[in-house]
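Written below as structure tokens is the structure these notes are about.
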Amino acid sequence: MEFVDNESSTFDEVIELLKKHPNFQKCEMQMDSKLSFPGIEIYPERRKVYCNGKEVHLTAKEYRLLWLLAVNKGQVLTYQQIYEKVWGDFSSGGESTAIGYHICNLRDKLYDAFPDAPFEIRCVREVGYCFEVNVIQSI
């Protein structure tokens, strides 16, 4: 692969940045297969969500939020990561209110369909959100 001078410089800067942050985690948002967890099924090819067997009607943003969080189950995603993946824009630092608004609506819709859902969208104060599945094991 060949780079023009300015491209090579930019590439080197990105590599240096990644070296400085070895704990950098990639968040994924591929929409190529069904996601299934206890109490919820997400079908990306049809953009449908079923919670406790009931279809849940979501807005485009709510759906993309749910998909992103579910694909990264158990991982706390920062407001910046969420905003950049769902809104497709660079974060400027004030997006937590918009994200919180959509998360609130998403939770309401999911928990209306399944009040005792074995999953949750957990808020990590001043950091972001995490999709978690609560598996109850029988003894």
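Each reported figure results from applying straightforward, stated rules to the coordinates on display, with no laboratory input. Computed from a predicted structure; not experimentally measured. Here the Cβ positions follow ideal geometry from the backbone for every residue, glycine too, while neighbour counts run over all protein chains shown.
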TODO: Classify the stretch 82-131 as rounded, prolate or oblate from the Cα gyration tensor: take a ≥ b ≥ c as the square roots of its eigenvalues, call it rounded if a/c is under 1.5, otherwise prolate when a/b beats b/c and oblate if not.
DONE: prolate
Open item on the list: Need one number: the % of Cα-Cα pairs in the stretch 55-106 sitting beyond the 18 Å mark.
Closed with: 24
Task: Listed peptides 50-56, 102-108 by packing density, highest first (mean Cβ within 10 Å) - done: 102-108, 50-56
TODO: Would you list the P(r) distribution for the stretch 32-139, with all Cα-Cα distances sorted into 5 Å bins from 0 and each bin expressed as a whole %?
DONE: 2, 12, 24, 26, 19, 10, 5, 1, 0, 0
Open item on the list: Give the residue list of GluC sites (Glu not before Pro) in the stretch 80-139 that are DSSP loop and have at most 14 other beta-carbon atoms within 10 angstrom.
Closed with: E126
